[in-house]
Amino acid sequence: MIRQKKRVYESDKDGNRYLWEVLPDMAWTNKSCFIIGGGPSLREFPFSRLKGHRTIGVNLAFTKFEPSVTFSMDSRFLKWLETERYGPAITRRFEKLNSYRVQMMTYPASFPPLVFVVPVFKNYSAGHWAFTESMRDGIGHGNNSGYAALNLAAVLGANPIYLLGFDWNKRLGLPERDPNYNPNSDLQIHYYNDIEHRGIGYVGYYENHNPDKEFKSTIKKDIKIYNVSPESNINCFEKITYEKRKNTKTSTRTAS
């Protein structure tokens with residue numbers, strides 16, 4: 001079960017296990033990595049293509065395939081799994097994963113021993129715009145799990161990084177600050193709309209934030225990041241199709 005007796009690793013005062021104890025900074029130096037978000041562009045995506053690749057699956061991506069790392073920054077995600085909000089089958093699948101199950105720790109807490117943690121940079125406020133170079137410094141979050149997963153891939157040394165399902169869906173023709181924060185909408189913003197999750201129909205967040213401003217801090221000269229969602233509203237990264245990724249170029253990163 002997710003709720004297990006706490007055990008102390010070589011870790012913090014709460015007994016949590018840090019990810020860097022088993023997967024250190026720069027472990028993926030100059031190796032490609034796919035980060036799988038939740039956008040509906042993945043509805044028909046053949047996830048079997050990702051077998052053998054380094055992958056970070058955000059939130060419920062593990063329901064489609066087994067990522068190298070299953071990642072979330074939502075403090076309620078593990079609670080929802082524990083209480084079987086997504087259904088008992090999904091909770092059992094999470095428990096049986098062979099991948100690293102990683103939770104971003106945005107506030108002091110004790111997590112179950114099957115989960116590794118990565119702390120936020122300094123605190124939640126400071127972490128919003130951070131994009132760090134070491135897990136030990138904490139990582140930035142950009143107020144969404146996709147941003148935090150991107151910072152994790154960067155500190156692991158991945159290069160290039162391919163973003164799948166980073167769609168940032170929103171209704172068109174609206175100002176950046178829509179006064180109707182979370183209107184009723186049938187706009188699909190996740191490919192797993194058949195699973196009860198906070199993000200489904202939650203268009204207000206996407207309509208009240210400019211993604212290119214949110215992701216500005218992640219743009220680094222020595223890391224090539226490609227958005228493999230050609231219709232995405234995130235335009236600060238070069239857009240490509242999955243099929244054309246083999247033609248992409250990368251720079252070389254040096255492990256510090």
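The values are calculated or read from the model by the stated rules, or taken from the named source; none is laboratory data. Worth saying up front: this structure is predicted, and the values here are computed from it rather than measured. A quick note on method: Cβ atoms are made from the backbone with ideal geometry, for glycine too, and the neighbour counts reach across all protein chains shown.
Yes or no: R49 at negative phi, at pLDDT 90 or above and surrounded by fewer than 17 Cβ atoms within 10 Å (Cβ to Cβ)? Working first, answer last.
On the way: at negative phi: yes; at pLDDT 90 or above: yes; surrounded by fewer than 17 Cβ atoms within 10 Å (Cβ to Cβ): yes.
Answer is yes for this residue.
For D167, which of the numbered conditions (1) of a type in the set (D, E, K, R); (2) crowded, with 19+ Cβ neighbours inside 10 Å; (3) at pLDDT below 90 fails to hold?
Going through (1) of a type in the set (D, E, K, R); (2) crowded, with 19+ Cβ neighbours inside 10 Å; (3) at pLDDT below 90 one by one, D167 breaks only (3).
Just the residues that are farther than 17 Å from Y18 by Cβ, within 19 Å of the chain's Cα centre (by Cα) and part of a loop (DSSP other than H, G, I, E, B), please, taken from the stretch 82-122.
Listed by number, the residues that qualify are Y86, L97, N98.
Determine whether Y86 is modelled with pLDDT under 95, closer than 23 Å to A154 by Cβ and not small (G, A, S).
On the way: modelled with pLDDT under 95: yes; closer than 23 Å to A154 by Cβ: no; not small (G, A, S): yes.
In short, no.
With the requirement that a residue be under 24 Å from S48 (Cβ atoms) and of a type outside the set (S, T, Y), what does the stretch 65-89 give you? Steps first, answer last, please.
Pass one, the stretch 65-89, residues under 24 Å from S48 (Cβ atoms): 65-72, 86-87, 89.
Answer for the stretch 65-89, where residues must be under 24 Å from S48 (Cβ atoms) and of a type outside the set (S, T, Y): F65, E66, P67, V69, F71, G87, A89.
Here is a list of conditions, (1) free of Cβ contacts under 8 Å to residues at least 12 places away in the same chain; (2) in contact with a helix residue (DSSP H, G or I) (Cβ under 7 Å, 6 or more places away or on another chain), and T83 meets all of them except one; can you say which number that is?
Failing condition for T83: (2).
Can you pull out every residue in the stretch 113-161 that is of a type in the set (S, T, N, Q), touching a helix residue (DSSP H, G or I) at 6+ places or on another chain (Cβ under 8 Å), farther than 15 Å from M73 by Cβ and surrounded by 16 or more Cβ atoms within 10 Å (Cβ to Cβ)?
First, the residues of the stretch 113-161 that are of a type in the set (S, T, N, Q): 123, 125, 132, 134, 143-145, 151, 159.
Narrowing further to those that are touching a helix residue (DSSP H, G or I) at 6+ places or on another chain (Cβ under 8 Å): 132, 134, 143-145, 151.
From what is left, the residues that are farther than 15 Å from M73 by Cβ are 134.
Of everything in the stretch 113-161, nothing turns out to be of a type in the set (S, T, N, Q), touching a helix residue (DSSP H, G or I) at 6+ places or on another chain (Cβ under 8 Å), farther than 15 Å from M73 by Cβ and surrounded by 16 or more Cβ atoms within 10 Å (Cβ to Cβ).
Filter the stretch 80-107 down to residues that are at positive phi and not small (G, A, S), then give me how many there are. Spell out the reasoning first.
Filtering the stretch 80-107 for residues at positive phi gives 84, 87.
Checking which are not small (G, A, S) leaves us with 84.
Of the residues in the stretch 80-107, 1 are at positive phi and not small (G, A, S).
Go through (1) part of a helix (DSSP H, G or I); (2) among the hydroxyl-bearing types (S, T, Y); (3) modelled with pLDDT under 90 and name the single condition S125 misses.
With respect to (1) part of a helix (DSSP H, G or I); (2) among the hydroxyl-bearing types (S, T, Y); (3) modelled with pLDDT under 90, S125 is out only on (3).
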